[in-house]
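Visitor: If you scroll down you'll find the structure; I have some questions about it.
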Amino acid sequence: MNRFRSLLGGLLGWEFSLIILVGAALLIGGLLSPDFLTGSNISFLTANFSEVALMALAMTLLIIVGEIDLSVASILGLCSAVIGILFAAGVPMPLAILAAFVTGGLAGLFNGLLVTRLGLPSLAVTIGTLALYRGLAYVLLGDRAIAEFPAFYTNLGFGNVPGTLIPLPMALFAVLAILTIIVLHATPFGRSLYAIGANQIAARFAGLQVERVKLSLFVLSGLMAALASAVYTFRFASARADNASGFELSVIAAVLLGGVSIFGGRGSVVGTVAAVFLIGIINGALTILDVSNEILTIVTGLLLIGSVLVPNLLTHFRTYQQRRRIKGDSVIQ
Amino acid sequence: MTERSVPASAPASPGWLSRLLMAREVSLVGLLLLVTLGTAVINPLFLSFGSVRDLLLNVSIIALLVVGQTLVLLMKHVDLSVSSTVGLSAFLTGSLFVANPGMPVPLALLFGLGLGAVLGSVNGLLVAYGKVPALVATLGTLYVFRGITYAVVSGGQINASNLPPSFLGFGTGSVLGVPNLVLLAVAVLIGFAFYLRSYRGGREYYAVGSNSEAAVLAGINVTRRTMTGFVLSGAIAGLAGVLYLARFGTVDATAGAGLELQVIAAAVVGGVSINGGVGTLLGAGLGALLLGVMGSALVTLRAPGFYQQAIQGALLLAAISIDMLVSRRAAKRLQEERKS
Amino acid sequence: MKKRILLLSALALGLSTLSFAQAPTTIKKGLKITLLPKNINNPYNVIETQGGLDAAKEIGAVAKVVGPSDAGASSQVSYINTAIAQRQDALVLAANDANALLPYLNRAKQAGVKIVTMDSDTAVSGRTLFINQANSEGIGRAQVQLLGKLVGYKGDIAVLSATPNATNQNTWIKWMQEELKLPRYKDMKLVKIAYGNDDDQKSFTEMQGLIQAYPNLKGVISPTTVGISAGARYLSTSPSKGKVALTGLGTPNQMRAFVKDGTVTAFQLWNPGDVGYLATYAAASLASGMITGKQGETFMAGKLGKYTVGKDGEVVLGPPYTFDKANIDKFDF
Amino acid sequence: MTELQNMQPQTIQPLLSLSHASKSFGPVQALSDVSIDLFPGEAHALLGENGAGKSTFVKILAGVHRREGGSLTVAGKSADFHSPGEATAAGIAIIYQEPTLFPDLSVAENVLMGRQPRAGLGRIDTRAMNARVTELLRELGVALDPSRPVRGLSIADQQLVEIAKALSLNANVLIMDEPTAALTLSETDRLFRVVRALRERGAAVLFITHRLEEVFAECQRVTVMRDGTWVSTGPISDYDTDLVVKQMVGRELGDLYPRGEMTLGEVALSVRNLSQPKMFSDISFEVRRGEIVALAGLVGAGRSEVARAIFGIDPRSGGEVRIGDAVIQPNSTRAAMSAGLGLVPEDRRQQGLVMDLSIERNANLAILNRLTGGLLMNRKAEAENAQNWTSKLQLKAHRLSDPVSSLSGGNQQKVVLAKWLSTNPSVLIVDEPTRGVDVGAKAEVHKTLAELAASGLAVLMISSDLPEVLGMADRILVMREGQLVGELSRAEANEEAVMYLATGQRAWAKQAGAA
């Protein structure tokens, strides 16, 4: 009974509001444009944010432990360059993809080592590696764009799950999202993330291996960026050094909108997933309504601010009301 | 008073804190000299009048933005929206000139300051009163202000040819060989450096960032101080927008985009802690200069274009790592000093 | 279900084109045309798409301009998808990437949308027609010829380009390098290709860097309107004014002041409005079934007259025009 | 002192008078209808268990919270504080339990923040500021460089900076919230000397403390609170320990130090030549099963550092740690834990608990890997473990899903104990187990420790509370300046002997006698 109530309480929270908003956005989009709620359009628009969605999963965990990785989009660019340059040099594609994963893992490891070994703030470190990794991508690939990948691979990025309208990258995302939900909410590792994020000193005193956990999450973030790079590269059949530049802010915006606290210790994967969909669907609806791009920029910003401001104001309002009620009571007495 | 007698001369040692900070700025100057002279040895043109002038002009806008950013960072907040404020201010000031070509330059500067202050107060309200974490609030307004700029600009552009000659003259003019823009940035920097170091109000920024609960208990109005900090950061960014217009003449909707990370990088390299309470404007200004010099040196040394970004990133990482190691050692020394 | 509807409508469109296989001679009224520039905030693109809108008005088509606010490789994708969902008859675009858009353009083609590129092409398979503002080889060679004249065929020269991946820029630069191989340029040396990313400030500082890094620099070619105006603005206030020749592609309005004050002697361009105008006529002719895009077909383009489809579906607007002090005041765009 | 006690306080005007004040937070009534008068020259003790509303009371006087109803008079004038600044301006200085300092700013700025002396054009006169603070610190008898940053100062030194701040305000009402909790005896003694000097100047001092012996030694009047309400006020001569405790707790309390007979088992923890440069050196001792060994000494003697090095949180440069038969590698909490070691750290809020997480999550934090079925958490096992230990320790909580921050200090400490007892340890190190814990909960913690020892657990207890050390320990090890300087059996231990070893001075005994 108790657990049921806490589950309900959790659902009625921010995540639930987001899911309602996703539904509302779909409905309003459909009412305003007959072309919006077609299977193929929804398929397009979900495929369109698959990279951001993938990177947001790892970012959720990272922000829950109180760290941040601003370099994800640059890692994506670097890994994309690695795939391109190796493929162009005649390396078989599976090996090139493997190399991208190694690159992404190493890039994440480097971030993690600077944060956990040197004790540097992750915000500063990853601003640095944001420039470094993007720079390395340019060093590798320069102004070249590698294209002409085998159709088999581009179809992986571009195609749908056979017989459905679900884009393959989205199917991949769905699997990984479920895995992440399980890891975060139902394993000892996931439990430890909240403790570390809320108070890493106490976590260390409880025998949790704070540094190792953080290091592993930075590596995970790098690996996810590598995976996103493969998706991106094949989806656009194009390996370029500037791939996905600027995506880091979209990823972080989605995670924060999803209700993850920037101070760590609070948040859920469900929230992040709902937020990713909300932004993507509003984006798609505005595009199909020929509303200009700038409105979307404004909407994203407002959603982000609202995600924190609205709950804050509600709490404030509630305590204010309680105080008034108590005052009223004492007057009656 | 038997067990611990007080040696009369105990506190005579001159300013621990200031000595430590001096060391920090001295090392920045040293690094600056190293890079500058090293580059100049390889390519003497680097120190030519024109080249130094261009360098200073480039740095002046970042240096100006660093002033506002430092105020906010000292309070353990951050202002990501400065780049969007620069863009909006630059474009709207430009439009104002197009509409009233006779507008005097000081009025344009005032307009930029005012517009920036209004945008900054949005951040301030969100952070100080709405209790929204600064990173979230200003990431949000980064989007919103840029979106407004896109909407206002809608594919338009302000060209140098649309601007009155008096304003362009202000942008390119100089006093005794020092460009106006550089003078303005240096004046703002020195003014605020002095304020932060030697005024009660200035010290409050450090107090708030060092321990905001203690600040409340010390009678500091933290909410108002936070608000002021963001308004100032916005106002300075608005002013920087006008200078941007004066410097570049051509402004479109993307003006200033991406500056925020450069500004934060400059402050961090200059020793301003993103954990609040630590750093000086002198250091932050030197940080901006150092990054500018490094960027410019890479071009002068003909580093391949594609390598520049990677090298800059590596340098930034090296700077913050070394800084951390140095300050950690200093902290340890402080602790031991007390023990012995 | 929805998918089937889409398929059916695509089939219907296909059938309708088939039934007009006898090549109608007039453009259909009420065609739906989407104009998709590289970046809706670039003034050059604004002029270009305005030409397209003018043409649409003449032929009674419903045209609209949509597009991203940045020139990133993938940001045009969602607009292509939208054009499919909105069942547009034709899509006229300036591609940000030669390959990244291919799968999506193919999908659009399958859905019956006629694809015409202008200004910056995709791979041939991605479109039916490409409206080339001028023959690429001609543009590249002409600019070197112009600069050679300005510097007396002697000294170091540099190129200030747009983004490292811009298809059109890279093609022109390739032809510039070809032209430089001719014996009369043996004393001219291309020392650097700098990239201003079509960003005003970046171009400005790149120009400044070029002059600082190469003391013997005599001339700069900037084949982009953003680059040349930013470069000229830097030169006009620098001690190198008059010592370093600058030429390239620019619009008369942006360059007027610099031509008059002697910073720039001459530069080239076509009328960007005409590019969009011609592209829209070509798209309408395709969508009306008047042409199919085969080499040798001809179509009428309003005030511009008659055009012939060349090899690989290329239609060339005409040779670039050289602006100098004597003629610049005759133009206003 | 005696003069003042004989005076009729009612005949002179109180410096501060708060009457019938209430305060609620949402639905929680933290304070209802509390009154107090503070007279010039008196030291007034405010006593009550944690959660009795003392802190809320202090914060109302400090201007942090607004009172609801009632009236406040300061120096004869009616007052209503909207901010801490106003309270300060009215001459009220507060020294909080945890120092409220700016670690990055200099000692001098910390003392004079917002009141820095100014030279021309409103500039801060740094030299005058440093001189002023040097003078204040000299009054307190400390040698601190006023221009050094506060970061790196010991808690005691920080406390002194706080007191210097209060002195600088020339406050006539000084409120101290558990000022001695983190101080050593000599530091406490120094503090009380300062307090006496202040009283002689005519200031009123309000003391909040859990150390009743201090109350009887230093205070003239007492106010007792319970559950947010006023219980009694009167001269100290009307009270004795039993009465105070009874009024605070509201019931009779059992023995505070329930240490019974013990049976010693085999060696559970053995430490040989443990060293870490500049922290401690050559520390060797053993703890047997069933034994409670106290590690006594002054704060800063290196006791907690030794504990942390044994546990593997801090590094050690040399020496050997054995738990049972297992040799524990340095820097591995994991190895120490799996060998059966637990550590209840000294700072409950920072090190012991994750305040935002629930009671259940905190209690299970050290054994997450054991509460699984396969790879996933077993919700039932989680609930059972938390339920099991919290009920064994008689935790008073509404629901186990409530955040641990909603508990009182004593109950929080029980959650920390529950966390470690769930690991089924053979050795438990408890560092200041009852710091900031009220009398009622203190007795329960002691009872728990005694029971655990009786059941065969080896306990190493670090404590600065001498009565606790003497009352609970079977053996007392004393550290001074990083060295183990002596060992006392239960029979030979007394306060004087421990303090002699801890300070290396016989002078302490005389002073303690004088006080």
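Visitor: I want to confirm something. Restricting to segment D:330-347 and keeping residues that are part of a helix (DSSP H, G or I) and more than 28 Å from the chain's Cα centre (by Cα), which single residue is nearest to the other protein chains (Cβ to nearest Cβ)?
Guide: Within segment D:330-347, the match that is nearest to the other protein chains (Cβ to nearest Cβ) is D:ARG334.
Visitor: Among the residues in segment A:236-249, are any of a type outside the set (D, E, K, R), within 11 Å of chain B (Cβ to nearest Cβ), under 27 Å from B:LYS76 (Cα atoms) and surrounded by fewer than 21 Cβ atoms within 10 Å (Cβ to Cβ)?
Guide: Yes, because at least one residue in segment A:236-249 is of a type outside the set (D, E, K, R), within 11 Å of chain B (Cβ to nearest Cβ), under 27 Å from B:LYS76 (Cα atoms) and surrounded by fewer than 21 Cβ atoms within 10 Å (Cβ to Cβ).
Visitor: When only residues in segment A:183-207 that are closer than 19 Å to D:PRO403 by Cβ and of a type in the set (A, V, I, L, M) count, which is surrounded by the most Cβ atoms within 10 Å (Cβ to Cβ)?
Guide: Here the residue is A:ALA206.
Visitor: Let me ask something else about it. Restrict the check to segment B:171-193 and report whether at least one residue is within 26 Å of B:GLY276 (Cα to Cα), within 14 Å of chain D (Cβ to nearest Cβ), surrounded by fewer than 23 Cβ atoms within 10 Å (Cβ to Cβ) and of a type in the set (Gly, Ala, Ser).
Guide: Yes.
Here's the yes/no breakdown for (1) more than 18 Å from the chain's Cα centre (by Cα); (2) within 14 Å of chain D (Cβ to nearest Cβ); (3) at negative phi:
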| position | (1), (2), (3) |
| --- | --- |
| B:VAL208 | yes, yes, yes |
| B:PHE230 | no, no, yes |
| B:VAL251 | yes, no, yes |
| B:GLY270 | no, no, yes |
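Visitor: Somewhere in segment A:117-138, is a residue out of contact with any helix residue (DSSP H, G or I) (no Cβ under 7 Å at 6 or more places or on another chain) and in a helix (DSSP H, G or I)?
Guide: yes
Visitor: Any residue at all in segment C:155-173 that's without any contact (Cβ under 8 Å) to a residue 60 or more places away in the chain and more than 14 Å from chain A (Cβ to nearest Cβ)?
Guide: No: zero hits.
Visitor: Let me ask something additional. Search segment D:58-91 for residues being more than 9 Å from every other protein chain (Cβ to nearest Cβ) and in contact with a helix residue (DSSP H, G or I) (Cβ under 6 Å, 6 or more places away or on another chain), and hand back the single one that is farthest from D:PRO149 (Cα to Cα).
Guide: Per the stated criteria, the residue is D:ARG67.
Visitor: Next question, about the same structure. Counting only residues that are closer than 25 Å to C:ILE193 by Cβ, within 14 Å of chain A (Cβ to nearest Cβ) and part of a helix (DSSP H, G or I), how many does segment B:292-323 have?
Guide: 14
Visitor: If you don't mind, another one. Residue check, B:ASN275 against (1) within 20 Å of B:THR70 (Cα to Cα); (2) buried (at least 18 other Cβ atoms within 10 Å of the Cβ), all met but one. Which one?
Guide: Going through the list (1) within 20 Å of B:THR70 (Cα to Cα); (2) buried (at least 18 other Cβ atoms within 10 Å of the Cβ), B:ASN275 breaks only (2).
Visitor: May I pose another question? Identify, by number, the condition in (1) within 14 Å of chain D (Cβ to nearest Cβ); (2) buried (at least 24 other Cβ atoms within 10 Å of the Cβ); (3) of a type outside the set (S, T, N, Q); (4) more than 30 Å from D:ALA339 (Cα to Cα) that A:LEU257 doesn't meet.
Guide: Exception for A:LEU257: condition (1).
Visitor: Another question, then. Looking at (1) more than 9 Å from chain D (Cβ to nearest Cβ); (2) surrounded by 24 or more Cβ atoms within 10 Å (Cβ to Cβ); (3) in a helix (DSSP H, G or I), find the lone condition where A:VAL175 falls short.
Guide: Only one criterion is unmet by A:VAL175, namely (2).
Visitor: Take the residues of segment D:381-399 that are closer than 19 Å to D:ALA441 by Cα and surrounded by 17 or more Cβ atoms within 10 Å (Cβ to Cβ): which is modelled with the lowest pLDDT?
Guide: Filtering first and then ranking leaves D:ALA397.
Visitor: Please give the strands (runs of 3 or more DSSP E) falling wholly within segment C:25-116 in which 1 or more residues are away from chain A (no Cβ under 12 Å), crowded, with 23+ Cβ neighbours inside 10 Å and among the β-branched types (Val, Ile, Thr).
Guide: C:32-36, C:90-93
Visitor: Quick one: D:LEU295 ticks every box in (1) modelled with pLDDT under 85; (2) crowded, with 21+ Cβ neighbours inside 10 Å bar one, so which box is it?
Guide: Answer for D:LEU295: the failing condition is (1).
Visitor: Here is a further query. Is it fair to say B:TYR205 is among the hydroxyl-bearing types (Ser, Thr, Tyr), surrounded by 22 or more Cβ atoms within 10 Å (Cβ to Cβ) and part of a helix (DSSP H, G or I)?
Guide: Yes; evaluated as a whole, the condition is true for this residue.
Visitor: Read through the list (1) among the small types (Gly, Ala, Ser); (2) in a helix (DSSP H, G or I); (3) more than 7 Å from every other protein chain (Cβ to nearest Cβ), then give the number of the only condition that B:ALA214 fails.
Guide: Every condition holds for B:ALA214 apart from (3).
Visitor: Next question, about the same structure. Taking segment C:228-245, which residues are under 20 Å from C:ASN168 (Cα atoms) and either in contact with a Cys (Cβ under 6 Å, 6 or more places away or on another chain) or more than 8 Å from every other protein chain (Cβ to nearest Cβ) (or both)?
Guide: C:ILE228, C:GLY231
Visitor: Tell me which helices (runs of 4 or more DSSP H) are completely within segment C:204-303 and hold 2 or more residues being β-branched (Val, Ile, Thr) and under 23 Å from C:VAL191 (Cβ atoms), or say none if there are none.
Guide: C:225-237
Visitor: Another question, if that's okay. State yes or no: is A:ALA203 assigned to a helix (DSSP H, G or I), without any contact (Cβ under 8 Å) to a residue 60 or more places away in the chain and more than 14 Å from chain C (Cβ to nearest Cβ)?
Guide: Taking the combined requirement at face value, the residue satisfies it.
Conditions (1) free of Cβ contacts under 8 Å to residues at least 60 places away in the same chain; (2) within 23 Å of B:ASP323 (Cα to Cα); (3) surrounded by 23 or more Cβ atoms within 10 Å (Cβ to Cβ), marked per residue:
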{"position": "B:ASN221", "(1), (2), (3)": "yes, no, no"}
{"position": "B:GLY229", "(1), (2), (3)": "no, no, yes"}
{"position": "B:SER233", "(1), (2), (3)": "no, no, yes"}
{"position": "B:LEU243", "(1), (2), (3)": "no, no, yes"}
{"position": "B:THR280", "(1), (2), (3)": "no, yes, no"}
{"position": "B:MET294", "(1), (2), (3)": "no, yes, no"}
{"position": "B:LEU298", "(1), (2), (3)": "yes, yes, no"}
{"position": "B:LEU301", "(1), (2), (3)": "no, no, no"}
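Visitor: Here is a further query. State whether the residues of segment D:404-420 include one that is buried (at least 22 other Cβ atoms within 10 Å of the Cβ), in contact with a strand residue (DSSP E or B) (Cβ under 9 Å, 6 or more places away or on another chain), of a type in the set (Gly, Ala, Ser) and in contact (Cβ under 8 Å) with a residue 12 or more places away in the chain.
Guide: no
Visitor: Considering every residue within segment D:184-191, establish whether at least one is closer than 29 Å to D:SER35 by Cβ and buried (at least 20 other Cβ atoms within 10 Å of the Cβ).
Guide: Scanning segment D:184-191, I find at least one residue that is closer than 29 Å to D:SER35 by Cβ and buried (at least 20 other Cβ atoms within 10 Å of the Cβ), so the answer is yes.
Every residue, every condition in (1) within 30 Å of D:VAL459 (Cα to Cα); (2) in a strand (DSSP E or B); (3) modelled with pLDDT of 80 or more, yes or no:
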{"position": "D:LEU206", "(1), (2), (3)": "no, yes, yes"}
{"position": "D:ALA217", "(1), (2), (3)": "no, no, yes"}
{"position": "D:THR223", "(1), (2), (3)": "no, yes, yes"}
{"position": "D:GLY234", "(1), (2), (3)": "no, yes, yes"}
{"position": "D:SER237", "(1), (2), (3)": "no, no, yes"}
{"position": "D:MET248", "(1), (2), (3)": "yes, no, yes"}
{"position": "D:GLU252", "(1), (2), (3)": "yes, no, no"}
{"position": "D:LEU256", "(1), (2), (3)": "yes, no, no"}
{"position": "D:GLU261", "(1), (2), (3)": "yes, no, no"}
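Visitor: With the structure loaded, tell me whether D:PRO149 is within 11 Å of chain B (Cβ to nearest Cβ) and not hydroxyl-bearing (Ser, Thr, Tyr) or whether it fails that test.
Guide: yes
Visitor: Follow-up question, since we're still on this one. Could you say which residue among A:LEU215, A:LEU227, A:LEU223 is more than 11 Å from every other protein chain (Cβ to nearest Cβ), buried (at least 24 other Cβ atoms within 10 Å of the Cβ) and either within 15 Å of the chain's Cα centre (by Cα) or over 20 Å from A:LEU172 (Cα atoms) (or both)?
Guide: On inspection, the qualifying residue turns out to be A:LEU227.
Visitor: Restricted to segment D:348-364, and to residues that are more than 9 Å from chain A (Cβ to nearest Cβ) and aliphatic (A, V, I, L, M), which residue is nearest to D:SER270 (Cα to Cα)?
Guide: Checked segment D:348-364; the qualifying residue nearest to D:SER270 (Cα to Cα) is D:ALA363.
The values are calculated or read from the model by the stated rules, or taken from the named source; none is laboratory data. All figures in this text were calculated on a predicted structure; none of them were measured in a lab. No Cβ is skipped: glycine too gets one built from the backbone with ideal geometry, and neighbour counts run over all protein chains shown.
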